[in-house]
Each structure stands twice: as C-alpha cells, then as structure tokens.
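Undergrad: Quick one: the structure is below, questions incoming.
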Amino acid sequence: KGPLLLIVPLLLLGCSLDYHTGQATGTSVSTPDTILYNFATTSVHGSKLYFKIEAAEAENFNKENLTVLKKVTFREYDAEGKVIAQGSADKAVYHTDTKNAELTGNIEMYSAQEKARITTDYLSWDNQTKTLTGKPGVTVTILKDDGSKIEAKGFEADLRTRSIKFSSDVRGTFVDTSSK
C-alpha cells in the first residue's frame, strides 16, 4: 500500500501565499514558484478524513516537479477516524512527477499496525518499487512497543512484502512475547 504521505493529492487549507517569479541569479537552485506558510493538506474520501500533512513551509518548484516541505508532520487515519500512522521530519522533498520523496533530519514515524517506531536522519521513498531506503552510513532505529529494538545501517523496507533488510552494523534486543 505504501505511505499515503507520498500519494496524497495536494489540497490547500489555511495557507499564506508568497509568490516569486524568475530564477535566482548565481545559484544552482531555482526560486520557488510559490511559498506556502502554515501549509496543510488533507485527503478525504466521502466524509472521512484519511490523511493530513502539515508543514511550517511548503515551496513549490513547478519546472523541477518538486515540493519542499519544512518541519513536516503527517497522520494517517482509518475509516473510523483512528490514527494508524504518524510521523515527522525536518524536511521532505516530494517529486510530483514520480511521487518519490526524500525525508531528512529528525525523522520519526510510528505505525499502530506494526506497533513500531522508526527514527533516523534520512529516508528515501521509491513509489514505483514501494521501497523505503536509508543511506548506507546512516543509522536507523526500530523500536517495537514490546521493547524489541534494532539499530543498523543500510536500511531497506519493501512495503509490498512487509520485509526489512539491513546491510551493516546490526545490533539490538528481541523481546519474546510468545509466553504472555
């Protein structure tokens, strides 16, 4: 299914607009076409809220097919309105043409279904393969509600198969809850 953060259509709610035109001179980064402050977007099906993204700032780069979100949070809801996943990051770069994304800085995600929290400083989402990947040298920590904990580098999660792999520096503890 994949994180809805990456497939939600953008609907604007309660934003301040700051329009810019042209390109920045002397830099390799273009000027945003639009800057939205106190950005929020929701995904609603019928009368039910399924997803909400909020950011302190959203910059849209139309030619580059990019939206850059700063201080971003998200919540995914089930049909009864219960939060089933939530997360935050300092920055998210969303590619509007491919629906791929990169999250950086103080990333924290929690899945009620998996009863687990992921923390790291970098994750990349590939929408085509439905994989979430960390950088080889960046530590990813998974902490389950039962107290099990894994820390490692080279993180890759395949959301189609619900499998996780690490390539190096794996350490952690496993809590056996089968006797409970």
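The values are calculated or read from the model by the stated rules, or taken from the named source; none is laboratory data. Just so we're clear, the structure is a prediction, and the values are computed from it rather than from any experiment. Using ideal geometry, Cβ is built from the backbone for each residue, glycine included, and neighbour counts are taken over all protein chains shown. Areas reflect the complete protein model, heavy atoms only, side chains present, ligands, DNA and RNA absent. Shrake-Rupley method; radii C 1.70, N 1.55, O 1.52, S 1.80 Å.
Undergrad: Could you state the per residue volume, in Å³, of the convex hull enclosing the Cα atoms of the range 37-77? Spell out each step's value before the answer.
TA: Values: hull volume 3.0 nm³, N = 41.
Taking only Cα atoms, the range 37-77 has a hull volume of 74 Å³ per residue.
Undergrad: Return a whole-number percent for the relative contact order of the range 25-120, with Cα pairs under 8 Å and 6 or more residues apart as the contact set.
TA: Values: 212 pairs, mean separation 17.6, N = 96.
Across the range 25-120, relative contact order equals 18 percent.
Undergrad: Pop a pseudo-label 7 angstrom from the Cα along the beta-carbon direction at both D33 and K144 and give the gap in nm to one decimal.
TA: Between D33 and K144, the label points sit 4.6 nm apart.
Undergrad: On a 21 Å Cα-Cα criterion, which of the cross-link pairs K99/K135; K63/K99; K70/K99; K99/K165; K52/K149; K70/K115 come out too long?
TA: From the list (K99/K135; K63/K99; K70/K99; K99/K165; K52/K149; K70/K115), the Cα-Cα distance tops 21 Å for K99/K165; K52/K149; K70/K115.
Undergrad: Right, something else. Would you tell me the accessible area of V72, worked out with a 1.4 angstrom probe on the heavy atoms of the protein chains, in Å² to the nearest 10?
TA: We get 10 Å² for V72.
Undergrad: Separate question: Is the range 45-170 best put as rounded, prolate or oblate by its Cα gyration tensor, with a ≥ b ≥ c the root eigenvalues, rounded for a/c under 1.5, and otherwise prolate when a/b is larger than b/c, oblate when not?
TA: On the way: a/c = 1.71, a/b = 1.18, b/c = 1.46.
Taking the square roots of the gyration eigenvalues as a ≥ b ≥ c, the range 45-170 is oblate.
Undergrad: Would you please state the base-10 log of I(q)/I(0) at q = 0.12, 0.13, 0.14, 0.21 1/Å for the range 99-180, with intensities from the Debye formula using one equal scatterer on every alpha carbon?
TA: -0.34, -0.40, -0.47, -1.02
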